[in-house]
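What follows draws every value from the coordinates through simple rules; no lab data is involved. Just so you know, these numbers come straight off a predicted model, no measurement behind them. A quick note on method: Cβ atoms are made from the backbone with ideal geometry, for glycine too, and the neighbour counts reach across all protein chains shown.
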Amino acid sequence: MFQPDIPKILEIHAAERAKRKRPDGTAQYVLLSEEHTHLAADPFTERIEREPVRDHVTVAVIGAGFAGLITGARLKEAGVTDVRIVESGGDVGGTWYWNRYPGVRCDVASLIYLPLLEETGYMPTEWYSSGEEIFEHCRRIAKHYDLYDKGLFHTRVTDLEWDETARRWTVRTDRGDEFTAQFVSYGLGHLSVPKLPGVPGVETFAGHMFHTSRWDYAYTGDPDGGPLDNLRDKRVAIIGTGATAVQAVPELATACQELFVFQRTPSAVEVRNNRPIDPEWFARIATPGWQRRWLENYADNMTAAVSPREDLVDDSWTTLARLMRDSGGEGPSTDPDAPEGVSGELFADLRKMDELHARIDATVRDPRTAELLKPWYHLPCKRITFHDEFLDAFNVPTVHLVDTDGKGPERITERGVVVAGVEYEVDCVIFASGFEVNTAPTRRVGFDAVGRDGARLSEYWADGMRTMHSIHVHGFPNAFLVQPATGAMRFSNVSHILMESAQTVATVIAHAVSEGIGVVEVTRQAEDDWMQNVGVDEGWASFLTSDCTPGYVNNEGGGLGAFSLFQDYLSPDVMTFFRILQEWRDAREFTGLEFR
Ligand code: NDP
């Protein structure tokens, strides 16, 4: 029987939260691209000089991650072939181009995470794909749909300006390009701009350092998945214990002479249970339309009010969602162990955290380390992680957990990292410190689109984002966003969200091209109508702000802010949002858009 001392646990939560709240909030971080430009450089692909481009294309797709690739693919399928991808990396892939740290893997099931599996005829080899497999799949999509053709890589858009007379966009880049495009499509750089913790003294460190999204294999050894040989005589620090570190630490644990894991807040680490996909089983399930069925079933299992009868993916994500839903939700707990008056959500959350604590005790041999690895916050406060070797890594005698009691390291010196007055001398510091999330999108994407009548997107969005369907912005004709905010942000399968948006964008552009329509723009009224139903669920907002430990979900404890990650279309479940988009597309009336 589970009999938690609930007031005591909530007291611990409050004390842990208080330790981590800091007045500088999100300002504590510094951007790699701004203050440490040498750390932002691409270690994977050589930059090749080329002549600037000065021409015209029908569609410019900015960014070649999943959003850009799916948009490009759907455009080509719809017969729009004159498509140019512009990408800051040296190849397609976005997240999966940059994040090549050892152990990188997606924790959403491959059959529903990898886009266009049916179209490209690819069967993922494992239930949770490695980063390498996902990156290869991105390249497969680009080849399949001929998206490399006309593509500009190692090229960053610096200016995007609408020319009302010519009825097209002018695109300028950091490679001196200046070309025009009738339509543009882009994302908003959620989780793509790496950040460093603003620990004093970073610049004084005399050893080697890099961010996990710029893994330096020339330093560590092994670009191809074997042992990280060069670390055998190195003392290595990794700063951060989020989803990235949880995957990288087990790989580093046996590779380094000594590994110091600097922890500010422990992650909740759930069971992974990865396994190969059996080709015979796959052949049986992969009947026409299989991926859509799987996507929709997963979306229902994650967000529908009532648990569906069938759970195709049936993994830790869907089990957790079911647990939360069937526990009684915000109402009284249905758990026979729950005391009267305790909500279903709270009791399920405490029970799950207790299970995760027990997993730590059962795995980590040193009781003090085990204690320090235990998360003390509500489960939804930080993104849960999934791994079957992370905890065990702390049983390797050369791996040391350096807990910072919620504060982070005090300083970085020429020789190493200082915590509680102790200097840990290391040869290399690896920052697993994450990415910008809730900042103004124009800061993240690196350009500020100038729309009709000279309006700047940053000004139009000064008080927060406004869109229709998360895609169309009034005053920015022929420009389309492929991204989740103001649409369906609270759903773990972001690639499904991108699939729906990309399909919508391709449908509108293909319609305009085939009908000879020069300009497409959402009306202010339609945008207003959509925004009536966009917001942050009030209960959720108050929970994140008041009851959660600081993190990127709540602006480091500062509240949800104008650009909160959780600006959602407030539909009862994510499939309702997807159906709205689909019905809007299928009707082909394009309600809310003005064509001229
Ligand atoms: P996160 O933002 O999740 O984690 C950053 C880590 O750095 C946290 O542990 C944070 O601690 C720590 N940190 C920040 N500042 C300091 C400091 N001053 N001192 C010590 N530690 C510090 O970044 P990740 O790269 O791990 O993950 C980013 C996101 O990418 C994930 O949330 C997830 O959405 C996605 N991801 C998904 C994966 C997948 O499998 N699908 C795999 C990897 C990433 P604190 O918690 O105290 O802020």
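Straight-line reach only, C-alpha to C-alpha below 22 angstrom: list the lysines that K21 could link to, leaving out same-chain residues fewer than 8 apart.
K8, K195, K374, K382, K407
Search the structure for amide H atoms under 5 Å from the amide H of Q567, placed 1.01 Å from N in the peptide plane, and list their residues when 5 or more places away or on another chain.
Sorted by chain and number, the residues that satisfy this are T486.
Got a sec to turn the phi values of the stretch 428-440 into Karplus ³J(HN,Hα) couplings, 6.51 cos²θ - 1.76 cosθ + 1.60 with θ = phi - 60°, whole Hz, x for Gly and Pro?
Here the 3J(HN,Hα) series is 8, 10, 10, 9, 9, 9, x, 9, 5, 10, 8, 7, 4 Hz.
Would you order F543, F153 from fewest to most other beta-carbon atoms within 10 Å of each residue's own beta-carbon?
So the residues, fewest neighbours to most, are F543, F153.
Among all helices in the chain defined by DSSP H, which have a length of 30 Å or more along the axis from Cα atoms plus a Kyte-Doolittle mean of at least 0.5?
Length and hydropathy pass: 494-515.
In square nanometres, what is one fourth of the surface area of the convex hull spanned by the alpha carbons of the stretch 178-325?
Average projection, Cα convex hull of the stretch 178-325: 16.0 nm².
Let me have the 222 nm mean residue ellipticity of the chain computed from DSSP H runs of 4+ only, each contributing -39500 (n - 2.57), with the sum over all residues rounded to the nearest 500.
For the chain, the value works out to -9500 deg cm²/dmol.
So what's the net charge close to Y424: Lys and Arg +1, Asp and Glu -1, counting the other residues with Cβ under 14 Å from its Cβ?
Computed value for this residue: -3.
For a label point 7 Å from the Cα of A462 along Cα→C-beta, name the residues of the stretch 551-567 whose backbone N is under 17 Å from it.
Under cut-off, by backbone N: 562-563.
To the nearest 20 debye, what charge dipole does the stretch 398-542 have about its Cα centre, counting +1 at the Cβ of each Lys and Arg and -1 at the Cβ of each Asp and Glu?
Approximately 260 debye in magnitude.
Largest first and in whole Å, what are the equivalent-ellipsoid semi-axes of the chain based on the Cα gyration tensor, each being the root of 5 times an eigenvalue?
For the chain, the semi-axes come out at 38, 29, 24 Å.
Between G464 and residues 5 or more places away or on another chain, which pairs have amide H atoms under 5 Å apart, with H built 1.01 Å from N, and which residues are they?
Those qualifying (amide H under 5 Å, at least 5 residues apart or on another chain) number zero.
Grab the Cα-Cα distance for T204 and I48, subtract it from 0.36 nm times how many residues apart they are, and report the gain in nm with one decimal.
Extending this stretch completely gives an extra 53.0 nm.
Cross-link partners among lysines for K76, C-alpha distance below 20 Å, same-chain residues fewer than 8 apart left out?
K143, K150
What's the extension gain from D163 to K19 if we count 0.36 nm per residue and subtract their Cα-Cα distance?
The span from D163 to K19 would gain 46.7 nm if fully extended.
So which cysteines of the chain have no other cysteine's Cβ under 4.7 Å from theirs?
So, C106, C138, C256, C428.
Give a residue-ordered list of calculated ³J(HN,Hα) values for the stretch 41-52 (Karplus: 6.51 cos²θ - 1.76 cosθ + 1.60, θ = phi - 60°; whole Hz; x for Gly, Pro).
So the J values, rounded to whole Hz, are 5, 7, x, 9, 9, 5, 7, 9, 5, 8, 6, x.
Starting from the Cα of E423, move 7 Å in the Cα-to-Cβ direction to define the label point; list residues of the stretch 188-227 whose amide nitrogen is under 16 Å from there.
200-208
Skipping prolines and chain starts, which residues have an amide H placed within reach, meaning under 5 Å, of the one on H400, given they are 5 or more residues away or on another chain?
The list, which skips near neighbours in sequence, is L259, F260, V261.
Once you list every other residue whose beta carbon is under 14 Å from the beta carbon of A15, what net charge do they have if Lys and Arg are +1 and Asp and Glu are -1?
+3
Describe numerically, in nm with one decimal, the distance between label points set 7 Å from Cα along Cα→Cβ at S514 and at I6.
Here the answer is 5.7 nm between the modelled labels.
Could you work out the local net charge near N301, counting Lys and Arg as +1, Asp and Glu as -1, over the other residues with Cβ closer than 14 Å to its Cβ?
Result for the local shell: -4.
What is the distance in Å between the Cα centres of the stretch 411-445 and the stretch 174-247?
11 Å
Once you place label points 7 Å from the Cα toward the Cβ at D222 and F543, how far apart are they in nm?
Placing both labels 7 Å along Cα→Cβ, they lie 4.0 nm apart.
Once R0 is set to 56 Å, what does the formula 1/(1 + (r/R0)^6) return for the Cβ-Cβ distance between S307 and R232, expressed as a FRET efficiency to the nearest 0.05?
0.70
Starting at the first residue of the stretch 536-551, write each ³J(HN,Hα) from the Karplus equation 6.51 cos²θ - 1.76 cosθ + 1.60 with θ = phi - 60°, in whole Hz, x for Gly and Pro.
10, 3, 4, x, 5, 4, 5, 4, 5, 6, 9, 9, 9, 5, x, x
Please arrange E521, E11, E296, E49 by how many other C-beta atoms lie within 10 Å of their C-beta, fewest to most.
Placing the least packed residue first, the sequence is E49, E11, E296, E521.
Two-decimal Rg/Rh of the stretch 459-563 from alpha-carbon positions, Kirkwood Rh?
Ratio of gyration radius to Kirkwood radius: 1.04.
What do the square roots of 5 times the Cα gyration tensor eigenvalues come to for the stretch 397-505, in whole Å, largest first, as semi-axes of the equivalent ellipsoid?
Ellipsoid half-lengths, sorted descending, are 42, 18, 12 Å.
Can you work out the FRET efficiency for the pair H144 and E355, with r the C-beta to C-beta distance and R0 = 41 Å, to the nearest 0.05?
0.45
Where in the stretch 506-528 is the amide nitrogen less than 18 Å from a point lying 7 Å along the Cα-to-Cβ axis of T591?
In the stretch 506-528, the label zone of T591 (backbone N under 18 Å from the point 7 Å along Cα→Cβ) covers 508, 521-528.
More than 16 Å apart: what percent of Cα pairs in the stretch 133-207 qualify?
When every Cα pair of the stretch 133-207 is considered, 71 percent fall beyond 16 Å.
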